[in-house]
Amino acid sequence: MNVNKKMTNKSDYLVKLENAGIYKSSKWLVRGVSLEVSKGQIVTLIGPNGSGKTTTAKMVLNILRSDEGSVKRNTNRVAYVPQKVNVDWTLPLRVFDFMKITGDISKLEMIENLKLTGVEDLIYADLKNLSGGEFQRVLIARAIAKKPELLILDEPVQGVDFNGEIALYNLIKSISDSLNCGILLISHDIHFVMSSTDHVICLNGHICCSGSPSSVAKNPAYIDLFGEHTASTLSLYKHHHDHSHGTDGGIEK
Amino acid sequence: MFDDFFVRALVAGIGVAIVTGPLGCFVIWRRLAYFGDTLSHSALLGVTLAFSFSINISLSVFFVSGIIALLLLSLQKRTKLPGDALLGLLAHSSIAVGLVLIGFLTFIRFDIMGLLFGDILSVTINDIFIIWCGGSLILIILYYIWSSLFAATVNYDLAAAEGMKPDRSNIIFTLLLAGVIAISIKMIGVLLITGLLLIPPALARNLSNNPTQMVFLSILGGVASVVLGLFSSLEFNTASGPTIIVVALVLFILSMLAPNLDSKLKK
């Protein structure tokens, strides 16, 4: 499906799932997932609630062991922005301490990365006093500061204000270029998914459809899952553009 | 100036407080207060076994508490019972088994009050040796697993995802907790050891805004409780273990007043 990547070395992928699935409490949370993330590529998972997006991300991260199929990873430089982080209030933790929890970084690096997400003023703030949006920004800054090869973002902009959302998505896009890292993104933002990602996987307990954003948008399974409404939003969106994207992120006139 | 036993009690007590401080912080952060209780209650069984087979008390307590702790970790994965029910099950059955065993040991004169509340004033040179060597070992191991354990405490998924091996450090931490109970059981007793694990970090929480500060303040609070507690117990002729905990409680109440003072100053 990806001509450029297939031409190069086969072990080029950062992570590769083959027919992977998780079985829990006598049912399959997700099954038959095959996906691949390579350097410089943004792969997005979309799907309704409970469709196994987070579970799939956790398989990629080796937090959950797949009960069937295989998960192969070529890198250990991984950073993760979880969907939910509840820091117990009994733990006094400033942004400064939180930035260092899985690896020491210098204060300069810390400030630099917090600046990227616009929260450098909060460096000594108590984590429990942050708003939801501020906390997301800190989470993203922390992940980026690790300079990962593989970055996994689980709904990274939830609770962020509208302008901030656009800025953060732009940041994520630019990170994938500047660090040349592979990104696996779980997102509900159809516009970003369709405009800036290389490969879309539509999940609903299994892979409904996958491919380049434009091909997924036309897929009947996708329209079934998200309804005519989304499809029309998309066509409206596409109406304003004179190009579509290839799987490598390039522009196809 | 001091009688010899009093100096020994001070040295032993300070040693214990230095170790319970950092471990107690994790007990609070990870909400393991009741877990600490279960481990210390199971220590009763450990002490009984030590008397039956005439082996070292600390060693036997460490083994029994360690086994109970590992049992709990594996039971949590296998049964449908919630964690607190499992803790209660293990705590009370090990107390019961311990007490039944004591009943059989009629040939030994057994100071059960000393066991429950500790007898810090009967500490021997040998006990001091165990406390300081065991304590140093516990702190060294804690130092090595610190970052992994801390990451796992903040967020398990994050730690697991970014290669911090949270499961391994969780198990090691549990064994360290069994270790700290083993070295301090003779001094402070089965019923009160969780108090020394919890109260100094609790008062430190009131005064600190970052984890390092909290750890050092809880060591300080623990040492202050031990020193003031021992002097008071000598002065008022009260049991040493409970007096130490009462002093810790008073310090905790004082620390509750501190943040108010702080916010008033800021206004």
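With a cut-off of at least 2 residues that are more than 9 Å from every other protein chain (Cβ to nearest Cβ) and surrounded by fewer than 17 Cβ atoms within 10 Å (Cβ to Cβ), name the strands (runs of 3 or more DSSP E) lying wholly within the stretch A:13-117. Spell out how you get there, then give the answer.
On the way: elements: A:13-24, A:27-38, A:42-46, A:68-73, A:78-81.
The qualifying strands (runs of 3 or more DSSP E) are A:13-24, A:27-38, A:68-73.
Pairing each residue of the stretch B:136-159 that is touching a residue at least 24 places away in the same chain (Cβ under 8 Å) with any residue that is assigned to a helix (DSSP H, G or I) and polar (S, T, N, Q), provided the two are 6+ apart or on different chains, yields C-beta distances under 8 Å for B:ILE145/B:SER169; B:LEU149/B:SER169; B:LEU149/B:ASN170. Kindly evaluate B:ILE253 against the criterion of being aliphatic (A, V, I, L, M) and closer than 16 Å to B:SER122 by Cα. So B:ILE253 does not fit the description; no. For the stretch A:127-142, the set of residues classified as touching a helix residue (DSSP H, G or I) at 6+ places or on another chain (Cβ under 8 Å) and facing chain B (nearest Cβ under 10 Å) consists of A:LEU127, A:ARG142, listed by residue number.
Yes/no per residue for (1) more than 13 Å from B:GLY179 (Cβ to Cβ); (2) of a type outside the set (D, E, K, R):
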| position | (1), (2) |
| --- | --- |
| B:VAL7 | yes, yes |
| B:VAL16 | no, yes |
| B:GLY36 | no, yes |
| B:SER42 | yes, yes |
| B:THR48 | yes, yes |
| B:PHE62 | no, yes |
| B:ALA69 | no, yes |
| B:LYS77 | yes, no |
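Name the residue, out of B:LEU177, B:LEU207, B:LEU203, that is within 14 Å of another protein chain (Cβ to nearest Cβ), in contact with a Gly (Cβ under 7 Å, 6 or more places away or on another chain) and not charged (D, E, K, R). None of the others qualify; the one that does is B:LEU203.
Of the residues making up the stretch B:145-165, those that are in a helix (DSSP H, G or I), farther than 22 Å from B:LEU72 by Cα and touching a strand residue (DSSP E or B) at 6+ places or on another chain (Cβ under 8 Å) are B:LEU158, B:ALA161.
Just to check your reading of the model, which residue among B:MET214, B:MET187 is touching a residue at least 40 places away in the same chain (Cβ under 8 Å), more than 14 Å from chain A (Cβ to nearest Cβ) and crowded, with 24+ Cβ neighbours inside 10 Å?
Sole residue among the options that is touching a residue at least 40 places away in the same chain (Cβ under 8 Å), more than 14 Å from chain A (Cβ to nearest Cβ) and crowded, with 24+ Cβ neighbours inside 10 Å: B:MET187.
Condition first: out of contact with any helix residue (DSSP H, G or I) (no Cβ under 8 Å at 6 or more places or on another chain) and under 21 Å from A:THR56 (Cα atoms). Now tell me which residues in the stretch A:151-171 satisfy that. Correct list: A:GLU155 only. Of all residues in the stretch B:4-18, those satisfying the criterion of being under 13 Å from the mean Cα position of the chain (by Cα) and farther than 11 Å from B:ILE128 by Cα are B:ALA17, B:ILE18.
One line per residue, one yes/no per condition, for (1) within 20 Å of the chain's Cα centre (by Cα); (2) among the hydrophobic types (A, V, I, L, M, F, W, C); (3) modelled with pLDDT of 90 or more; (4) over 29 Å from B:ARG30 (Cα atoms):
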position: A:ALA57; (1), (2), (3), (4): yes, yes, yes, no
position: A:LEU61; (1), (2), (3), (4): yes, yes, yes, no
position: A:ASP88; (1), (2), (3), (4): no, no, no, no
position: A:LEU93; (1), (2), (3), (4): no, yes, yes, no
position: A:LYS107; (1), (2), (3), (4): no, no, yes, no
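Checked against the criterion of being within 29 Å of B:LEU121 (Cβ to Cβ), within 14 Å of another protein chain (Cβ to nearest Cβ) and either surrounded by 24 or more Cβ atoms within 10 Å (Cβ to Cβ) or of a type in the set (A, V, I, L, M) (or both), the candidates B:LEU198, B:LEU149 yield just one match: B:LEU198.
With respect to the conditions (1) in contact with a Pro (Cβ under 8 Å, 6 or more places away or on another chain); (2) hydrophobic (A, V, I, L, M, F, W, C); (3) within 14 Å of chain A (Cβ to nearest Cβ), B:ALA248 lacks only one, and its number is (3). For the stretch B:37-51, the count of residues that are without any contact (Cβ under 8 Å) to a residue 40 or more places away in the chain and among the hydroxyl-bearing types (Ser, Thr, Tyr) is zero. Checked against the criteria, B:LEU142 does not count as modelled with pLDDT under 85, of a type outside the set (Val, Ile, Thr) and in a helix (DSSP H, G or I). For the stretch B:98-106, the condition of being more than 30 Å from A:SER25 (Cβ to Cβ), touching a residue at least 12 places away in the same chain (Cβ under 8 Å) and not aliphatic (A, V, I, L, M) holds for at least one residue.
The values are calculated or read from the model by the stated rules, or taken from the named source; none is laboratory data. The structure presented is a predicted model; accordingly, all values stated were derived computationally and were not measured. With ideal geometry, Cβ positions are generated from the backbone for all residues, glycine too; neighbour counts draw on all protein chains shown.
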